Amino acid sequence: MERALPGEFSDMIFRHLDTAKPQDWPRLVALAKSADLVRGYGHIKEANVARYRQECARLEGPWDNRSHRPRNRFPATGRGFFCGRRS
């Protein structure tokens, strides 16, 4: 669970950056701040992770009807942002 959270978080943020308009920025900031909900140890942390995921789902709801494509920061090379090598 703990190892998956950073990847889930960054995927969620990058997914919305392509289509975010200025009126979406407060919601994007709220999504970014939702990571602060993940605190504690053991069963407390598990409950907080569930709360974090519910909050993210609530904030992402209005974006669900938009089409999202994976973000490709290097269109000429076809490699994504986290490619492991620098060009």
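Please treat every number below as a calculation from the coordinates, not as lab data. Treat the numbers as computed from the prediction; the structure is a model and nothing was measured. Quick reminder, even Gly has a Cβ in these numbers, built from the backbone with ideal geometry, and neighbours come from all protein chains shown.
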Which ³J(HN,Hα) values in Hz, rounded to whole numbers, follow from the phi angles of segment 44-51 under the Karplus curve 6.51 cos²θ - 1.76 cosθ + 1.60, where θ = phi - 60° and Gly and Pro get x?
5, 5, 4, 5, 5, 5, 4, 5
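Roughly what % of Cα-Cα distances in segment 1-58 sit above 20 Å, to the whole percent?
So the pairs more than 20 Å apart make up 25 percent of the total in segment 1-58.
For the pair THR19 and LYS45, what calculated FRET efficiency results from E = 1/(1 + (r/R0)^6), where r is the Cβ-Cβ distance and R0 = 25 Å, to the nearest 0.05?
Values: r = 32 Å, r/R0 = 1.26.
According to the calculation, E is roughly 0.20.
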What are the ³J(HN,Hα) values, in whole Hz, obtained from phi via the Karplus relation 6.51 cos²θ - 1.76 cosθ + 1.60 with θ = phi - 60°, for each residue of segment 33-40 in sequence order, with x given for Gly and Pro?
6, 5, 5, 5, 5, 7, 9, x
Qualifying chymotrypsin sites (Phe, Trp or Tyr not before Pro) for segment 1-63 [loop in DSSP, other Cβ within 10 Å: at most 11]
TYR41
